[in-house]
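Take a look at the structure below.
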Amino acid sequence: PPDRIDERHALVLGLLAVAVIVAGRWGWEQLTQPFDDTASAAATPSCTLAPEDIAKLPPPNRIVVNVYNASGIDGLAGETADELRRAGFEVAAVDNDPQGDLLSGVAEIRSSGKVPNRVTQLQRYVPQAETDTDDRPGRRLDLVLGSGFDGIVTQPCAWRIADGIAPP
């Protein structure tokens, strides 16, 4: 019967209209939301120090770093240890975080609190890393990687004191 076909058409058109409205609303929200800059910010070097202050920092080859994975991503500590070695750091332990926690941020640098220049130098390569102090002896640093970590900055501020290249 023709009336039955008109009812089906009306029902299908009504459902399509609702789908278009929902899709349009979702699209508008996606279009008007601000962009997420966390990924690009993680790769942005920290250039807040003056060149003369950076020159006072110990070179990476004088800094011993333990690299710990607290991200839940297999192999992240090993890959990062290789990156740090290429940047000149001396890497000691490479393992899962001994504290056993998962870190949702980018990274955490743990130290005794008595070696701020070493922490600052490492933080130049991992600019968004938080810092934490504990009662450890010595100068060794722990770099604990979180799920937001996406690699070290290989050329902080596009130049490196350790290479003898002066800033522009």
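So the values come out like this:
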| item | result |
| --- | --- |
| Search result, residues across segment 65-88 that are β-branched (Val, Ile, Thr) and open to solvent by 30 Å² or more (accessible area, probe 1.4 Å) | ILE73 |
| Among residues of segment 81-107, those that are touching a residue at least 24 places away in the same chain (Cβ under 8 Å), small (Gly, Ala, Ser) and under 20 Å from ASP150 (Cβ atoms), counted | 4 |
| Conditions (1) open to solvent by less than 10 Å² (accessible area, probe 1.4 Å); (2) in contact with a helix residue (DSSP H, G or I) (Cβ under 6 Å, 6 or more places away or on another chain); number of the one not met by LEU57 | (1) |
| All positions within segment 63-88 that are part of a helix (DSSP H, G or I) and in contact with a helix residue (DSSP H, G or I) (Cβ under 8 Å, 6 or more places away or on another chain) | LEU84 |
| Segment 79-107, subset among the small types (Gly, Ala, Ser) and under 14 Å from the mean Cα position of the chain (by Cα), residue nearest to GLN128 (Cα to Cα) | ALA107 |
| The lone exception for GLN123 - which of (1) open to solvent by 10 Å² or more (accessible area, probe 1.4 Å); (2) modelled with pLDDT of 95 or more; (3) in a helix (DSSP H, G or I) it fails | (2) |
| Whichever residue in segment 89-111 is assigned to a loop (DSSP other than H, G, I, E, B) and of a type in the set (D, E, K, R) and, among such residues, is surrounded by the most Cβ atoms within 10 Å (Cβ to Cβ) | ASP97 |
| Qualifying residue in segment 138-153 (condition: of a type in the set (Val, Ile, Thr), within 19 Å of the chain's Cα centre (by Cα), open to solvent by 40 Å² or more (accessible area, probe 1.4 Å) and at pLDDT below 95) | no |
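The values are calculated or read from the model by the stated rules, or taken from the named source; none is laboratory data. All figures in this text were calculated on a predicted structure; none of them were measured in a lab. Note that each Cβ is placed from the backbone with ideal geometry, even for glycine, and that neighbours are counted across all protein chains shown. Note: accessible area is taken over every heavy atom of the protein model, side chains too, but ligands, DNA and RNA are not part of it. Shrake-Rupley method; radii C 1.70, N 1.55, O 1.52, S 1.80 Å.
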